[in-house]
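The structure under discussion appears below in the form of structure tokens.
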Amino acid sequence: MSPRLRTFAGFGITALLLFAVAPLVLGDFRLGLLAKYLCFAIVAVGIGLAWGRGGMLALGQGVFFGLGGYAMAMHLKLADAGPGELPDFMTLYGQLDALPWWWAPFANPVFALLATVLLPMLVALLLGLLIFRRRVRGAYFAILSQALAAAFAILLIGQQGTTGGTNGLTDIQGFFGYDLNDPVNRRMIYFIIATALLLMLLAAWQLMRSRYGELLVAVRDAEERVRFLGYDPANVKLVAYVVAAGMAGLAGALFVPAVGIISPALIGVVPSIEFVIGVAVGGRASLAGPAIGAIAVAWAKTALSERVPSAWTYFEGLLFVLPIVFLPGGIASLVRLRRRRTAEAPAAPALEKVPS
Amino acid sequence: MTGLSVRDLRVVFDGFVALDGVDLEVPEGDVRFVIGPNGAGKTTMIDAITGLVKATGHVGFDGQDLLGRKVHRIARLGIGRTFQTAAVFEELTVLQNLDIAAGWGRRAVSLLRARRGVPPEVGKALETVRLSAVRDQPAGTLAHGQKQWLEIGMLLVQDARLLLLDEPVAGMSHDERDATGELLGVLSRDRTVLVIEHDMDFLRRYARTVTVMHAGKVLSEGSVAEVQADPRVQEVYLGRGAS
């Protein structure tokens with residue numbers, strides 16, 4: 001099979017699994033869980049681009065996931081409350097008698113929807129300009145992005161009156177007029193999320209096969225060399241980082257109607273690391289690997305936590321260490337290995353070592 | 001004047017003077033070899049010209065002032081270089097390597113599309129550096145000499161008008177050296193070439209002019225014969241083996 005045909009077959013099978021098999025096989029509860037995992041998969045597609053292809057170990061994607069999630073949740077809370085009313089938690093804590101100014105625009109559905117994606121991208125653009133222009137990279141970039149996730153969660157916790165603090169924005173009832181307690185509508189949310197994942201995979205596929213994708217790999221492997229060819233690597237990395245942030249924001253926005261809550265615990269350091277673990281397990285430099293890994297790890301977390309709740313943390317640590325030491329290409333590299341054995345084809349740009 | 005003009009170039013690392021007032025004029029179309037003992041400052045001079053290390057003095061090329069510009073801005077002015085250990089993108093194919101080198105001026109739309117076919121300048125460079133047969137191989141699988149040629153090919157598609165080659169034939173076989181020497185002749189037809197080299201035999205055969213550096217300064221300059229006849233050069237460099 002030619003690579004092109006294989007790609008189309010891959011997309012076809014994925015679509016079939018997501019749109020036909022899963023809704024038929026899974027009950028409402030499990031399908032709801034899958035919807036949540038698919039949101040993580042969307043984040044993972046972005047991390048695959050930034051980390052796998054761009055060498056940027058983005059350990060703070062929770063920030064962008066959270067920006068998208070809060071933007072969506074703020075709108076849904078306002079819509080739940082009705083025109084002119086305050087969201088329930090604001091009146092509950094009794095500190096506010098008027099809507100904070102920065103909440104007001106989110107009453108507009110168009111603004112809120114655009115903000116779920118554009119706000120994370122804008123923040124990533126500003127951060128990226130500072131970070132990449134100063135040539136911060138490798139472990140320093142990872143630590144910095146992790147610190148940002150911690151800072152963002154702490155900031156949200158501190159603003160109890162306007163962000164719901166530790167609780168976050170909870171108990172979301174409706175989604176643009178649809179009642180989220182109705183199983184049919186929850187199913188619709190699942191289909192929206194599955195469509196989004198497929199579109200993001202398509203976008204990542206096009207970026208990876210484009211000239212830009214080749215350039216990104218070149219920057220990952222030899223950033224200094226690229227300068228001597230007339231490119232500014234900061235700009236090349238910035239594009240991947242901003243795209244990854246947009247995907248994380250979209251995922252956060254879709255997570256809210258799927259799960260009904262967004263809170264600091266869902267976007268801080270630990271979830272940010274879990275995003276990356278999924279990508280590492282799946283294979284960061286491949287197209288489908290990060291998404292598959294994210295779903296597998298999220299599924300394993302649920303399955304293990306249902307049986308032995310205390311064991312998950314240790315298992316999670318192992319999941320991060322083992323693939324990086326023994327299987328740097330992740331699950332995806334197993335497929336590639338088999339393929340190479342059957343036909344001696346030149347490998348796609350893969351990653352065999354952890355970027356320094 | 002056209003060509004490369006270096007005046008009073010000084011580079012100091014933490015108090016150590018690596019370049020101590022270098023003056024160098026390389027006219028357009030010249031093939032200039034720069035030789036000198038280890039630590040003479042040859043590579044540092046290329047680093048300074050290409051913006052990799054901070055330097056004072058004056059460096060001009062085709063009327064443009066180079067010092068103080070960023071590395072990628074200097075590259076865009078038509079200055080290209082290779083490295084002692086070939087620096088190619090090992091996981092990308094030869095074709096992809098060359099295509100990237102051709103591309104800093106591409107517009108965003110063309111960057112977001114996949115490459116279709118072989119751009120003409122890339123095809124020409126593949127022929128010139130004799131890598132057409134391996135164009136779909138990952139660059140990491142190439143032989144050492146082929147990697148050096150690939151780097152030179154990248155300079156060609158980059159449309160560099162000043163080529164700074166840092167020991168291009170180090171570690172090459174005899175045949176590869178001959179091929180590289182011929183390549184230098186082809187390159188210099190419409191470009192200025194500056195080569196750092198240790199191989200005296202290679203220098204005698206392919207250099208048009210020679211600059212000898214010693215301890216961060218230019219010691220001697222001229223044709224191969226003139227330089228070899230210079231007693232100061234024999235003392236610090238050639239005298240130890242070649243004369």
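Each of B:109, B:92, B:123 was placed along the dipole of region B:90-205 (beta-carbon charges, centred on the mean Cα), and the one lying farthest toward the positive end is B:109.
Output the relative contact order of region A:135-254, whole-number percent, from Cα pairs under 8 angstrom with separation of 6+ residues. Across region A:135-254, relative contact order equals 13 percent.
Of the cross-linked pairs A:77/A:237; B:42/B:124; A:237/B:70; A:237/B:42, those separated by over 27 Å at the C-alpha level are A:77/A:237; B:42/B:124; A:237/B:42. Sorting B:210, B:186 by the number of Cβ atoms found within 10 Å of their own Cβ, with the fewest placed first, yields B:186, B:210.
Per residue of peptide B:67-76, the mean number of Cβ atoms on other chains within 10 Å of the residue Cβ is 4. As a proxy for reagent exposure, B:5, A:310 were ordered by neighbouring Cβ count within 10 angstrom, fewest first; the result is A:310, B:5. Shape of region A:1-55 from its Cα gyration tensor (a ≥ b ≥ c, root eigenvalues): rounded if a/c is under 1.5, otherwise prolate when a/b > b/c, or oblate? Oblate, because a/c is 1.5 or more while a/b does not exceed b/c. Fully extending the segment from residue B:198 to residue B:58, taken as 0.36 nm per residue of separation minus the present Cα-Cα distance, adds 47.8 nm. Note: the protein assembly as shown, Cα convex hull, 183 Å³ per residue. For region A:14-117, the alpha carbon convex hull comes to 162 Å³ per residue, rounded to a whole number.
Counting only other chain Cβ atoms within 10 Å of each residue's Cβ, the peptide B:99-112 averages 4. Using C-alpha pairs under 8 Å with a sequence gap of at least 6, the mean separation divided by the residue count of region B:4-240 gives a relative contact order of 28 percent. Between residue A:6 and residue A:167, the FRET efficiency from the beta-carbon distance, with R0 = 41 Å, is close to 0.30.
Rounded to the nearest 20 debye, the dipole magnitude of region A:3-265 is 1280 debye, with +1 charges on Lys and Arg beta carbons, -1 on Asp and Glu beta carbons, and the Cα centre as origin. Dimensions of region B:4-240 along the principal axes, based on C-alpha atoms and rounded to the nearest Å, stand at 57, 40, 31, largest first.
Normalised by the number of residues in region A:3-265, the mean separation of alpha-carbon contacts (under 8 Å, six or more apart) gives a relative contact order of 40 percent.
Note on A:201-212: average number of Cβ atoms from other chains within 10 Å of each residue's Cβ is 3. Take every DSSP beta bridge with both residues inside the protein assembly as shown and express the antiparallel ones as a percent of the total, to the nearest 5. Antiparallel bridges: around 60 percent, rounded to the nearest 5.
In a DSSP loop and with at most 10 other Cβ atoms within 10 Å, the chymotrypsin sites (Phe, Trp or Tyr not before Pro) in region A:45-152 are A:101, A:102.
In whole percents, the pair-distance distribution calculated for region B:100-145 from its alpha-carbon pairs, binned every 5 Å from zero, is 5, 16, 25, 24, 17, 10, 3, 0. Counting other Cβ atoms within 10 Å as a rough exposure proxy, the listed residues B:20, B:175 run B:175, B:20 from fewest neighbours to most. Compute the orientation-averaged projected area for region A:72-155 from the convex hull of its Cα atoms and round it to one decimal in nm². Projected area, direction-averaged: 6.7 nm².
Computed with the Debye formula from one identical point scatterer per Cα of region A:3-265, without solvent, the log10 of I(q)/I(0) at q = 0.07, 0.11 Å⁻¹ comes to -0.27, -0.66.
Each value in this text was obtained by applying a stated rule to the coordinates, not by laboratory testing. Keep in mind that this is a model prediction, so the values were computed, not measured. Heads up, the Cβs are rebuilt from the backbone with ideal geometry, glycines too, and the neighbour counts pull from every protein chain shown.
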